[in-house]
Amino acid sequence: MDYFAGVSDALRLTFVQVMIMASLSIGIFIIGMYINLKKWGMGSTGYGQQPSGSILAFPTMLAKQMSEHAHVHNQSVLETFVLDILFQRRILRRSPLRWFMHFTIFFGWMALFVLSLAMFAVEMVHLISERLGVHALPEFLYPEVFRELLAVPNDIFSYILLTGIIIAIYRRLFVAKVRESTIAYDSVLLIGLTVITITGFIADGIRTGRFWGFDMPVEWAPPMALFHVVISLLFCIAYIPFSKYIHMIAIPLALLANKGGE
């Protein structure tokens with residue numbers, strides 16, 4: 001498995017080394033979430049009680065809030081999850097265009113993440129089966145076959161994500177109210193997501209010979225794929241707990257605690 005060949009022989013990475021990088025990114029993500037959970041659990045859990053500071057304080061309080069009758073909203077957890085978290089109806093009520101932008105970015109990103117996990121699982125199954133001397137796997141569990149099965153879904157969700165990014169860039173550049181409220185932090189996140197998406201298209205275009213490859217030599221496909229994978233691991237996994245994108249986790253948790261609503 002050497003399709004992460006790298007830029008040169010000196011920078012050549014194997015599949016196992018890429019998996020180590022993925023594990024490190026996940027480790028950084030876990031450390032970041034540990035820090036956030038500690039921070040979220042610093043408050044008092046009741047009147048007159050001392051702050052706990054335990055990492056379990058926030059999950060415990062969240063579970064308690066979800067099980068109790070809410071003061072304002074009291075919809076079910078399923079309704080909150082589907083309508084307020086997945087469908088994002090609170091944003092739709094405020095601005096259909098902003099909702100469409102958020103929904104396409106969220107839906108495209110999460111779908112590509114799931115497809116990447118599926119590809120990772122097949123790679124691991126194939127790698128382990130090779131080490132164990134097992135060669136009688138179903139045809140779809142071979143990485144080359146499974147990658148082709150994911151080609152169309154990857155294209156669809158990539159274009160959905162790109163659509164949301166284009167709308168976000170348009171709003172930041174041409175909508176005065178949004179442009180005036182944009183800070184450097186917002187720009188870094190949008191630029192990072194744009195670079196990841198575009199490099200993914202280019203890497204696939206070089207490999208398949210489609211127009212996204214811009215007629216670049218096929219030898220450039222491995223280093224472009226490597227760059228795309230590395231920046232994706234760092235930006236879309238390791239960086240999340242330390243960035244504004246933590247709202248993808250924090251806001252759904254707050255909605256579940258409040259039983260949805262505004």
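The values are calculated or read from the model by the stated rules, or taken from the named source; none is laboratory data. Just so it is clear, the model here is predicted, and its values are computed rather than measured. Please note: Cβ atoms are built from the backbone with ideal geometry, for glycine as well, and neighbour counts cover all protein chains shown.
With the checklist (1) among the small types (Gly, Ala, Ser); (2) loosely packed, with under 11 Cβ neighbours inside 10 Å; (3) assigned to a helix (DSSP H, G or I) in hand, flag the one item Ala136 doesn't pass.
(3)
I'd like the full set of residues that are of a type in the set (D, E, K, R) and in a helix (DSSP H, G or I), limited to the stretch 194-233. Spell out the reasoning first.
The initial filter retains those residues of the stretch 194-233 that are of a type in the set (D, E, K, R), namely 204, 207, 210, 215, 219.
Residues satisfying the conditions are Asp204, Arg207, Glu219.
Got at least one residue in the stretch 222-229 being under 17 Å from Val188 (Cα atoms) and modelled with pLDDT under 85?
Within the stretch 222-229, not a single residue is under 17 Å from Val188 (Cα atoms) and modelled with pLDDT under 85.
List every residue pair whose Cβ atoms lie under 8 Å apart, where the two residues are 6 or more positions apart in sequence or sit on different chains, the first residue falls within the stretch 38-61 and is farther than 16 Å from Ala250 by Cα, and the second residue, located anywhere, is at pLDDT 75 or above and aromatic (Phe, Trp, Tyr).
Sorted first by the residue in the stretch 38-61, then by its partner, the list stays empty.
Looking only at residues in the stretch 237-247 that are part of a helix (DSSP H, G or I) and among the aromatic types (Phe, Trp, Tyr), which one is surrounded by the fewest Cβ atoms within 10 Å (Cβ to Cβ)? Talk me through it step by step, then tell me what you get.
So in the stretch 237-247, the residues part of a helix (DSSP H, G or I) come out as 237-238, 240-242, 244-247.
Imposing the further condition that a residue be among the aromatic types (Phe, Trp, Tyr) reduces the set to 242, 245.
Values: Phe242: 14, Tyr245: 17.
Result: Phe242.
Just checking, which of Leu234, Leu256 is among the aliphatic types (A, V, I, L, M), closer than 30 Å to Ser76 by Cα and crowded, with 16+ Cβ neighbours inside 10 Å?
Working: Leu234 fails: closer than 30 Å to Ser76 by Cα.
It is Leu256.
Can we say Leu97 is surrounded by fewer than 16 Cβ atoms within 10 Å (Cβ to Cβ) and more than 30 Å from Gly192 (Cβ to Cβ)? Reasoning before the result, please.
Values: surrounded by fewer than 16 Cβ atoms within 10 Å (Cβ to Cβ): yes; more than 30 Å from Gly192 (Cβ to Cβ): no.
Criteria not met by Leu97.
Do the conditions hold for Asp186, that is, is it exposed (fewer than 15 other Cβ atoms within 10 Å of the Cβ), assigned to a loop (DSSP other than H, G, I, E, B) and not aliphatic (A, V, I, L, M)? Working first, answer last.
Values: exposed (fewer than 15 other Cβ atoms within 10 Å of the Cβ): yes; assigned to a loop (DSSP other than H, G, I, E, B): no; not aliphatic (A, V, I, L, M): yes.
Judged against the criteria, Asp186 is not a match.
Would you say Ala250 is within 23 Å of Phe29 (Cα to Cα), out of contact with any Ser or Thr (no Cβ under 7 Å at 6 or more places or on another chain), surrounded by fewer than 12 Cβ atoms within 10 Å (Cβ to Cβ) and small (Gly, Ala, Ser)? Steps first, answer last, please.
Numbers: within 23 Å of Phe29 (Cα to Cα): yes; out of contact with any Ser or Thr (no Cβ under 7 Å at 6 or more places or on another chain): yes; surrounded by fewer than 12 Cβ atoms within 10 Å (Cβ to Cβ): no; small (Gly, Ala, Ser): yes.
When the stated conditions are applied, Ala250 does not pass them.
Name the single residue that is modelled with the lowest pLDDT among those in the stretch 1-48 being of a type in the set (Ser, Thr, Tyr) and part of a helix (DSSP H, G or I). Spell out the reasoning first.
The initial filter retains those residues of the stretch 1-48 that are of a type in the set (Ser, Thr, Tyr), namely 3, 8, 14, 23, 25, 34, 44-45, 47.
Then keep just the ones that are part of a helix (DSSP H, G or I); that gives 23, 25, 34.
Numbers: Ser23: 85, Ser25: 90, Tyr34: 89.
So the residue we want is Ser23.
Does Val195 qualify as being aliphatic (A, V, I, L, M) and without any contact (Cβ under 8 Å) to a residue 60 or more places away in the chain?
Working: aliphatic (A, V, I, L, M): yes; without any contact (Cβ under 8 Å) to a residue 60 or more places away in the chain: yes.
Considered against the rule, which asks whether it is aliphatic (A, V, I, L, M) and without any contact (Cβ under 8 Å) to a residue 60 or more places away in the chain, Val195 comes out as yes.
Only one of these is under 22 Å from Val229 (Cα atoms) and surrounded by 17 or more Cβ atoms within 10 Å (Cβ to Cβ): Leu112, Leu117. Name it. Full working, then the answer.
Values: Leu117 fails: surrounded by 17 or more Cβ atoms within 10 Å (Cβ to Cβ).
Only one candidate qualifies: Leu112.
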